[in-house]
Amino acid sequence: MGLIVILFISGYCSAESSNPTQKIKVGETQKQTNKSGWQYANWGMTAEQIVEASHGKARAVFGEEQRNKSNPYYFDCLAVSDFKTGPFEFDVSFRAKLNETTLNSVYLSLRNTNQYEELKDSLASKYGQGVTSIKGKQITTSWQTKSEVIELVDIRDALRFVSLTYSKRVYGPRGLDL
């Protein structure tokens, strides 16, 4: 037990001391501690609120387009947008849990899949190393902040897909993630 505590304290101190001017928890950024969500969209927003908050960057989806961008077993797509940050360009889908109408995740599809390593390095510099798992042709790296779970997925098959998902972090009655 003592060894675990020493390792934890050592890891926390070294992570914190890498930037002594920052007084936030490891894996969080100042922007994230001020709000809960992604960019202009906060968890719990409706499609209309997302569009309004985006100032015209996002648009709500309906009918056939919504069905094509949704998964009938897991989620409904509320709105879509384009997003560019640094060298990275994404197609963005704002998602709600199946049969619900408020935002609980944001899915970003990287347009240039050859930028996977660069994107992973960028995320690691912002959130820390992350936890990586490999299942067949899929590589998943995930990070957790106080209010989000972030997953970077690289699927290397006949076609390559690279996606980044920000999801609302959900806590159970004992404080454990659900």
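Here are the numbers:
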read-out: Entirely in segment 107-156, the strands (runs of 3 or more DSSP E) that have 2 or more residues that are touching a Lys or Arg at 6+ places or on another chain (Cβ under 9 Å); value: 138-144, 148-156
read-out: Residue in segment 106-129 that is surrounded by the most Cβ atoms within 10 Å (Cβ to Cβ), counting only those that are in contact (Cβ under 8 Å) with a residue 60 or more places away in the chain and farther than 22 Å from Arg160 by Cα; value: Tyr127
read-out: Test for Arg169: is it in contact with a strand residue (DSSP E or B) (Cβ under 7 Å, 6 or more places away or on another chain), within 22 Å of Arg59 (Cβ to Cβ) and of a type in the set (Lys, Arg); value: no
read-out: Subset tally (residues that are hydroxyl-bearing (Ser, Thr, Tyr) and more than 23 Å from Glu117 (Cα to Cα)) for segment 88-104; value: 2
read-out: Any chance Asp91 is over 19 Å from Asn68 (Cα atoms) and without any contact (Cβ under 8 Å) to a residue 24 or more places away in the chain; value: no
read-out: Members of segment 67-104 found to be loosely packed, with under 15 Cβ neighbours inside 10 Å, assigned to a strand (DSSP E or B) and of a type in the set (Lys, Arg), listed by number; value: Lys84, Lys97
read-out: Qualifying residues in segment 141-164 (those that are of a type in the set (S, T, N, Q) and touching a Leu at 6+ places or on another chain (Cβ under 7 Å)) - the one farthest from Gln129 (Cα to Cα); value: Ser163
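The numbers here are math on the coordinates, done by the rules we state, and not lab data. As the structure is a computational prediction, the values presented were derived from the model and not from experiment. A quick note on method: Cβ atoms are made from the backbone with ideal geometry, for glycine too, and the neighbour counts reach across all protein chains shown.
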